[in-house]
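Derivation of every value follows stated rules applied to the coordinates shown; laboratory data play no part. These numbers come from a predicted model, not from an experiment. Quick reminder, even Gly has a Cβ in these numbers, built from the backbone with ideal geometry, and neighbours come from all protein chains shown.
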Amino acid sequence: MKAAVYYSNSDIRTEEVEDLSVGPGEIKVKVMACGVCGSDVMEWYRMKRAGRPGGIGAFGHECAGIIAEVGSDVDPKWRVGDRVVATHHVACNTCNACIRGHTTACDTLQKTKFKNAFGAFAEYVVLPEINVDRGILRLPESVSFDEATFVEPLGCVVRGQHWAPTSDGRSVLIIGAGITGLLHVKVARLNGAGFIAVSDINPDRLQIAKNFGADAAISATDDLPEKFKELNGGSGADTVIMTAPVPVCVQQSLAAVGKGGTILFFAPTNPDVQSEINLWNLWQNEITITHSYAADFHNLATALTWIQHHRITVADMITHLLPLHKTVEGFLLTAHPRDGSLKAIIHPQE
């Protein structure tokens, strides 16, 4: 089968790779659409995962498709031809982290993946037995394959706002107007936030954020904490959501949060980056710092339901639909947005 093989963000080649067989309990999915995620284009991380150029596929994981083959011992509710959304990460549901509700900190979740190393930027993926058991959702006919690629990123946002609530009229500052930042705007609105502001360095993205429901757009070159307080009646943010993995954004988050507020570090900086934190200020003002990694099955099911019932619209975020051999273009548009680009989706069958 054909897959997009990763060498660098600017060098992704369509190659013939091994088409894996389907074992007991496994399902093969014909990939109809796979979104390019911001984590896909973190080049340092992708090269680390590859180990060597061409060592791993571009690792698409925001995918939807059609069941092409069902292995023995699979629950008969799954049949060839079913439309599905599949997730690469699934939890064990029995470890201490899972029992306490931190399913995405589960060792099993962080190690599980599609059976083939090339991920879903490929014509097919094979789901291991554990993924079939707890990592596949039936896709309603009313939801397109392209819309379904948002189940995973939206699920991550759903989870993030569980740990950093935006409900009850809270004021919210979202740092970064990438896809996840824009999804945070939409979800904060749905959850019942009050004043919502978004910061970004790109003026086009700031206008898009306002179009998607933000009350204010603040240039990242401004004094962000002071500007937010000026617009929010003198108070810091009840909830700060940092989606831009840039060290300066960590300091902006700490300075912009209000008394009793919560900071969600939604996006990680490079693991080598160290950030100074004034513990006195956090202690005196009762600031909560929290994090959110990935999404679990419940978060994904919630995201799909919201898309299905039009609680969250995602079709207006899709700007580029590309065939498999143009995966590199999707990566470059995601890493370096231009000309109004937002979400690039790869169609591996084209």
**Fill in**
From the cross-link list Lys28/Lys210; Lys186/Lys227; Lys28/Lys186, the entries with a Cα-Cα span beyond 29 Å are Lys28/Lys210; Lys28/Lys186
**Prompt:** Which far-off residues, 5 or more places away or on another chain, put their amide H under 5 Å from the one on Val74, with H placed in the peptide plane?
**Reply:** Gly25
**Complete:** Under the Karplus relation with 6.51, -1.76 and 1.60 and θ = phi - 60°, whole-Hz ³J(HN,Hα) for the stretch 17-23, x at Gly and Pro, equal 10, 5, 8, 5, 6, 9, x
**Fill in**
Phi angles of the stretch 77-88, converted by Karplus (6.51 cos²θ - 1.76 cosθ + 1.60, θ = phi - 60°) into ³J(HN,Hα) in whole Hz with x for Gly and Pro, give 5, 9, 9, 4, x, 5, 8, 9, 10, 10, 10, 7
**Asked** So, with +1 on the Cβ of K and R and -1 on the Cβ of D and E, and no other charges, what is the size of the charge dipole of the chain about its Cα centre, to the nearest 20 debye?
**Response** 320 debye
**Message:** If amide hydrogens are placed 1.01 Å from N in the peptide plane, which non-local residues have theirs closer than 5 Å to the one on Ala294?
**Reply:** none
**Complete:** the stretch 261-335 and the stretch 135-177 have their Cα centres apart by a whole-number Å value of 9 Å
**Complete:** In nm², the average projected area of the convex hull spanned by the Cα atoms of the stretch 167-266 is 5.2 nm²
**Item:** Loop GluC sites (Glu not before Pro), the stretch 79-144 (other Cβ atoms within 10 Å of the site Cβ: 12 or fewer; DSSP)
**Value:** Glu141
**Asked** Taking the chain as a Gaussian network, where each spring joins two C-alpha atoms under 10 Å apart, which residue of Ile196, Ile218, Ile277 fluctuates the most?
**Response** Ile277
**Item:** Largest-first principal axis extents, alpha carbons of the chain, Å
**Value:** 61, 42, 40
**Nonlocal amide H pairs with Val240, under 5 Å, H built at 1.01 Å** = Leu173, Thr262, Ile263, Leu264
**Message:** Please compute the length gained on full extension between Ser21 and Glu226, using 0.36 nm multiplied by the number of residues separating them and subtracting their Cα-Cα distance.
**Reply:** 68.0 nm
**Prompt:** When only Cα pairs under 8 Å and 6 or more residues apart are kept, what is the percent relative contact order across the stretch 130-240?
**Reply:** 24 percent
**Request:** Positive end of the charge dipole of the chain (Lys, Arg +1 and Asp, Glu -1 on Cβ, about the Cα centre): tell me which of Gly155, Gln252, Gly38 has its Cα farthest that way.
**Result:** Gly155
**Prompt:** Which semi-axis lengths, in whole Å and largest first, follow from the square roots of five times the eigenvalues of the Cα gyration tensor of the stretch 301-347?
**Reply:** 24, 12, 8
**Prompt:** Tell me, what ³J(HN,Hα) does each residue in the stretch 295-312 have, in order and in whole Hz, if you take phi through Karplus 6.51 cos²θ - 1.76 cosθ + 1.60 with θ = phi - 60° and put x for Gly and Pro?
**Reply:** 8, 9, 4, 5, 4, 5, 5, 4, 4, 5, 4, 4, 5, 4, 9, 6, 6, 10
**Message:** Over the chain, what is the relative contact order in percent, taking alpha-carbon pairs closer than 8 angstrom and at least six residues apart?
**Reply:** 20 percent
